[in-house]
Amino acid sequence: MPPSTDWDEIKRLAADFQKAQLSSTTQRLSERNCVEIVTKLIELKLIDVIFTTDGKEYLTSQQLLKEIKDELYVHGGRINTVDLAKELNVDLNQINASVAEIVKGKEVQLVSGYLIAQYYLEKIAREINEKLQLQGQITVGELTLQYDLPAELLQHNILEKYLGKIIIGKQDSSDPRIFYTEEYITRTKAKIRGALTGLLKPTPVTVIINHCNLADRLFMNLFDQINAPGVLTGRQAGALYVPSCYSKSQNDWVINFFKQNNYLEYDALSRLGISDPKGYVKRILVNEDLTFLSSCVIGSQIKLQLDTALEDCILSKSYMDVVSLLPSVLSDSDIINVLDELLKNNSKSTILFENTVFSNHFIENLKQNCMLMAEKKAEAVVKSGKYQQFYLEKQINKATEMSQTTYIDHKAERREERRRKAASGKGGGGTQGRETKTKAVKKHTKSKQAAHDSDSDESPNMSKKNKADLEIITTEDVETIIKETLENEGLDDLLTPISEYIQRSLNQSALALAKEIADKLIQDTSQNRKQTHSFAQDKINILINDIKLYEKGFKLMPSDQQPQFIKYLLKSLGGDILAEFCKYAGNQCNLSVQVDTLTIEQRNKIINDLPDEYKKTLVALNATLSDQNMELFYQAVDVCLSECGMILKKVDKKKDKLLIQNHREKLISELEVCDEPALCLHIAVLAIFTILTQNMLHASGRQVPIVISFLKTQIKEEDFQRLQYYHELVAKFLTSSAEEKVDVEDKLKVELPALKNMVQEIKKYK
Amino acid sequence: MVDESTRKTLSSIPLLQTKAGPRDKELWVARLKEEYQALIKYVQNNKAADNDWFRLESDKTGTRWFGKCWYVHNLLKYEFDLEFDIPITYPTTAPELALPGLDGKTAKMYRGGKICLTDHFKPLWARNVPKFGIAHAMALGLGPWLAVEIPDLIEKGVITYQEKTDEAK
């Protein structure tokens with residue numbers, strides 16, 4: 001029956017269940033029990049154990065020590081206590097307590113939380129040695145980073161301890177924290193030496209160090225040991241290494257350059273890398289006599305050259321271009337400086353134009369060339385009266401100036417003074433206006449240019465008056481003369497300054513010359529006046545005498561013909577007398593009368609120009625000339641003579657005869673040489689008249705027929721006929737046309753010798 | 001939820017398969033069999049883990065269960081009587097475990113000494129309806145209850161240790 005079996009089974013299961021429940025529980029100590037027991041034991045201080053952090057394990061302290069040591073070994077001799085605590089699952093305090101125990105022995109030490117065994121240090125030492133051998137150089141700092149150990153420990157307990165034992169190397173004497181191998185030192189030395197030997201120009205130390213991959217310090221240390229071919233400018237990192245070959249070649253270059261050229265340019269030196277060219281030059285060229293200029297240094301040789309050139313120039317009376325003698329690098333100001341010094345001693349015999357030195361002689365020669373022109377000009381200026389005019393004006397100016405300043409009121413004066421001060425910047429507030437002005441006048445004579453400048457600020461009327469300093473010679477005049485000379489020398493670019501210079505002095509000398517000439521002229525005229533006086537007196541006397549003689553002559557003529565003769569006589573000889581008077585009066589009054597014979601117009605002009613006292617009498621005389629009255633003429637002449645302080649000499653009869661004779665001879669000789677038919681007839685007639693009447697006759701050509709008809713009664717018939725015929729031919733010749741003229745001329749030529757013979761005949765006959 | 005050790009314990013108890021109450025005649029037998037097997041296993045497990053904490057037996061029909069349970073605190077064993085009936089609606093309804101000895105001594109208890117189970121118990125039970133049996137109810141309900149309540153009660157002095165003559169050791 002299934003249900004019963006089921007229930008049986010249940011009964012059995014219940015029994016099983018009871019059995020299971022009643023079966024004794026396993027008699028083992030559960031974990032809980034163990035913990036309880038151990039706790040109890042610890043409480044009772046029966047055992048000394050250490051809990052693990054999770055509390056599941058217990059350790060004895062001996063076990064802990066052992067485990068720590070094992071861990072230390074496993075980790076290669078170095079372990080952090082914190083790591084240890086984690087690793088061993090033991091409280092850090094317990095670890096620390098144990099560690100203190102361990103450290104008591106000498107094998108292990110505790111360094112900043114690390115347990116470090118001796119063999120670890122040895123191992124490190126070996127490592128370091130390897131590294132050192134590899135790198136050649138090692139620093140404690142580097143190692144500190146690598147091993148995370150205190151520098152001191154590394155320094156004292158490893159490096160210094162094992163130095164020479166495990167670590168083969170050397171400690172840097174200057175820095176105990178650096179170690180290197182002997183090989184490294186030698187290698188580095190070689191490297192530095194190589195670098196330094198290879199260098200040809202100054203190089204910053206940092207560059208070398210970077211290039212060679214070195215430490216500053218090592219470089220500095222080793223540098224002293226190497227005997228490098230050069231010097232360091234300093235001990236700092238910013239120092240410069242200057243190879244001796246560089247400084248040597250620098251010096252060589254400088255010395256050579258100086259030797260060759262005798263100058264040194266600062267720029268060139270700076271380009272060579274010399275920072276203080278002046279000082280450097282002083283140092284290098286100790287025994288040289290140097291002149292320091294703004295941009296360069298020049299040696300004594302150049303100066304000597306200049307000196308000799310200058311002497312040459314002075315001696316040879318020529319010029320020299322300083323620029324060509326000086327190095328081309330000199331600036332203008334330098335050239336001026338050099339020249340200043342150079343010309344200090346010779347300034348009297350030289351003149352400087354721009355950069356060319358001229359000997360005074362050279363300039364003087366040029367000036368001499370112009371002298372002729374100057375003289376001419378001076379003469380011309382005096383003759384034209386310009387100089388006198390200028391001189392007078394100057395005098396007048398001075399005078400007016402004086403007077404002006406005296407009456408200028410205070411206000412104006414002050415104003416003027418102020419203006420002048422502001423303009424000229426001259427000090428001396430005390431100077432009076434007048435003084436300043438005279439100064440200004442003096443200046444005019446010095447240079448026209450300067451006068452213009454200073455004048456521009458003066459009051460306008462002043463400048464107007466003083467403006468014209470007489471410029472006899474212009475710059476252009478000088479230029480044209482000296483141009484050729486200068487062009488030949490290739491100095492045309494200096495033409496203008498030289499010309500101006502010469503013009504100035506030349507103008508001065510020309511002025512002086514002009515003054516001289518003018519003075520002389522004045523002297524001459526006053527001397528001449530006396531001469532002219534007697535000369536004019538004589539001349540007028542002669543003329544009057546002649547007139548009287550001629551008067552006598554034409555008195556022989558028929559009276560109806562006489563007025564004609566009087567008219568002609570007054571017109572010709574009377575005119576001459578008037579002219580003489582005019583000349584004399586002109587001279588007296590300083591009017592220039594240049595020509596010897598005056599035309600009527602000139603005469604009138606002079607008369608008009610004359611002062612009143614002369615003018616009146618001469619006008620009266622002039623009037624008588626056209627009056628045909630000899631008496632009136634004589635009276636007028638007398639008035640004129642007395643006006644001019646002259647006397648009429650008494651007529652000497654003997655002298656008159658002689659005069660007539662002379663006149664006759666003169667006529668005859670004139671006739672001998674004469675070829676002109678009309679003139680021959682005229683002379684012949686006059687000569688015959690004189691021979692026959694023993695009187696002179698003054699007749700014009702028109703009056704010739706009258707004289708011929710007068711002679712009719714005196715001479716032979718045939719002679720008269722001949723004269724008549726000849727006269728007809730002449731009249732025909734003068735009026736005839738061109739074709740007939742030749743014919744008549746031939747006839748006249750045939751008759752001419754006969755006419756001349758006739759005069760001779762008549763003379764003999766008489 | 002239940003703690004880790006409880007869960008472990010639970011998982012080691014075999015699960016039941018038959019869904020049957022005391023009224024279900026044959027099926028109840030099968031169920032009862034399974035109940036016993038589970039209990040045996042559970043007890044064995046407890047013994048193996050040195051964690052034996054109750055004695056239990058039933059009447060013939062397996063509907064009424066009684067026994068003892070104990071709790072060790074401070075090395076002292078406190079023992080309590082345990083009883084419960086299998087409800088008609090079992091296994092849908094969990095059995096109401098009762099500790100009559102503690103009736104009125106604690107708030108976590110219904111009249112008649114029936115223990116108040118945690119909030120988690122009922123849903124957990126409901127979810128595992130045919131699978132959980134008496135063993136599970138013990139492990140899941142009474143065990144934790146004891147672990148929480150007894151030390152508290154001892155502390156309060158509600159229960160005191162009674163020297164037992166034989167069974168304690």
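The values are calculated or read from the model by the stated rules, or taken from the named source; none is laboratory data. Remember, it's a predicted structure, so these values are computed and weren't measured experimentally. Reconstructed Cβ throughout: ideal geometry from the backbone, glycine too, with neighbour counts over all protein chains shown.
Counting the residues of the stretch B:81-91 that are in contact with a Lys or Arg (Cβ under 8 Å, 6 or more places away or on another chain), within 17 Å of residue B:135 (Cβ to Cβ) and not hydrophobic (A, V, I, L, M, F, W, C) gives 3. Is it fair to say residue A:81 is closer than 30 Å to residue B:42 by Cα and either at pLDDT 80 or above or among the β-branched types (Val, Ile, Thr) (or both)? Spelling it out, it is not the case that residue A:81 is closer than 30 Å to residue B:42 by Cα and either at pLDDT 80 or above or among the β-branched types (Val, Ile, Thr) (or both). Under the condition of being within 20 Å of residue A:374 (Cα to Cα) and not small (Gly, Ala, Ser), the residues counted in the stretch A:496-536 number 19.
I need the full set of residues from the stretch A:130-152 which are in contact with a Phe, Trp or Tyr (Cβ under 9 Å, 6 or more places away or on another chain) and either more than 20 Å from residue A:218 (Cα to Cα) or of a type in the set (A, V, I, L, M, F, W, C) (or both), in order please. The answer is A:132, A:138, A:140, A:148, A:149. If the condition is being surrounded by 14 or more Cβ atoms within 10 Å (Cβ to Cβ), basic (Lys, Arg) and over 18 Å from residue A:109 (Cα atoms), then the stretch A:127-166 contributes only A:131.
Can you name every residue in the stretch A:496-531 that is acidic (Asp, Glu) and at pLDDT 75 or above? Result: A:500, A:516, A:519. Can you tell me which residues in the stretch A:688-720 are assigned to a helix (DSSP H, G or I), of a type outside the set (Gly, Ala, Ser) and more than 26 Å from residue A:669 (Cβ to Cβ)? Hit for the stretch A:688-720 is A:717, nothing else.
Within the stretch A:595-649, the only residue that satisfies the criterion of being touching a His at 6+ places or on another chain (Cβ under 9 Å) and surrounded by fewer than 14 Cβ atoms within 10 Å (Cβ to Cβ) is A:645. I'm checking my understanding of the structure. Among residues of the stretch B:126-169 that are of a type in the set (Asp, Glu) and modelled with pLDDT of 85 or more, which one is farthest from residue B:99 (Cα to Cα)? Only one residue tops the list, namely B:155.
For the residues B:76, B:102, B:140, B:124, the requirement of being touching a Ser or Thr at 6+ places or on another chain (Cβ under 7 Å) and touching a residue at least 40 places away in the same chain (Cβ under 8 Å) singles out B:140. Tell me, please, whether a residue that is within 30 Å of residue B:26 (Cα to Cα), outside any helix (DSSP H, G or I), among the hydrophobic types (A, V, I, L, M, F, W, C) and away from chain A (no Cβ under 14 Å) can be found in the stretch B:81-92. Yes, the stretch B:81-92 contains at least one residue that is within 30 Å of residue B:26 (Cα to Cα), outside any helix (DSSP H, G or I), among the hydrophobic types (A, V, I, L, M, F, W, C) and away from chain A (no Cβ under 14 Å). Scan the stretch B:23-57 for residues that are surrounded by fewer than 16 Cβ atoms within 10 Å (Cβ to Cβ), within 7 Å of chain A (Cβ to nearest Cβ) and aliphatic (A, V, I, L, M) and the total you get is 1. I'd like to check something: does the stretch B:13-22 contain any residue that is away from every other protein chain (no Cβ under 13 Å), under 19 Å from residue B:131 (Cα atoms) and under 12 Å from the mean Cα position of the chain (by Cα)? The answer is no; no qualifying residue exists. Of all the residues in the stretch A:721-766, those that are hydroxyl-bearing (Ser, Thr, Tyr), touching a residue at least 12 places away in the same chain (Cβ under 8 Å) and under 24 Å from residue A:665 (Cβ atoms) number 1. Determine if the stretch A:74-83 includes at least one residue that is more than 14 Å from chain B (Cβ to nearest Cβ), touching a residue at least 24 places away in the same chain (Cβ under 8 Å) and part of a loop (DSSP other than H, G, I, E, B). Within the stretch A:74-83, one or more residues are more than 14 Å from chain B (Cβ to nearest Cβ), touching a residue at least 24 places away in the same chain (Cβ under 8 Å) and part of a loop (DSSP other than H, G, I, E, B).
Test residue B:114 against the criterion of being more than 10 Å from chain A (Cβ to nearest Cβ) and in contact with a helix residue (DSSP H, G or I) (Cβ under 8 Å, 6 or more places away or on another chain), and give yes or no. No. Of all the residues in the stretch A:650-674, those that are surrounded by 15 or more Cβ atoms within 10 Å (Cβ to Cβ) and within 23 Å of residue A:581 (Cβ to Cβ) number 1. Looking across the stretch A:232-243, the residues that are farther than 25 Å from residue A:171 by Cβ and surrounded by fewer than 13 Cβ atoms within 10 Å (Cβ to Cβ) come down to A:234, A:238.
Do we have any residue at all in the stretch A:162-178 that's farther than 27 Å from residue A:282 by Cα, in contact (Cβ under 8 Å) with a residue 60 or more places away in the chain and in a helix (DSSP H, G or I)? No: zero hits. For the stretch B:129-154, residues that are surrounded by fewer than 18 Cβ atoms within 10 Å (Cβ to Cβ), part of a helix (DSSP H, G or I) and of a type in the set (D, E, K, R) total 1. Scanning the stretch A:31-68 for residues that are within 14 Å of chain B (Cβ to nearest Cβ) and at pLDDT 80 or above yields A:36, A:37, A:39, A:40, A:43. Residues of the stretch A:46-73 that are among the polar types (S, T, N, Q) and outside any helix (DSSP H, G or I): A:52, A:53, A:60.
Given the condition in contact (Cβ under 8 Å) with a residue 24 or more places away in the chain and on the phi > 0 side of the Ramachandran plot, answer yes or no: does some residue in the stretch A:253-265 qualify? Checked the stretch A:253-265: at least one residue is in contact (Cβ under 8 Å) with a residue 24 or more places away in the chain and on the phi > 0 side of the Ramachandran plot. Of all residues in the stretch B:1-22, those that are within 16 Å of residue A:17 (Cα to Cα) and crowded, with 18+ Cβ neighbours inside 10 Å total 1.
For the stretch A:624-660, how many residues meet the condition of being part of a helix (DSSP H, G or I) and of a type outside the set (S, T, N, Q)? Summing the residues that are part of a helix (DSSP H, G or I) and of a type outside the set (S, T, N, Q) in the stretch A:624-660 gives 21. The residue that is farthest from the other protein chains (Cβ to nearest Cβ), among those in the stretch B:58-73 that are in contact (Cβ under 8 Å) with a residue 12 or more places away in the chain and assigned to a loop (DSSP other than H, G, I, E, B), is B:63. On the stretch given as the stretch A:554-598, residues that are closer than 29 Å to residue A:385 by Cα, among the β-branched types (Val, Ile, Thr) and modelled with pLDDT of 75 or more total 1.
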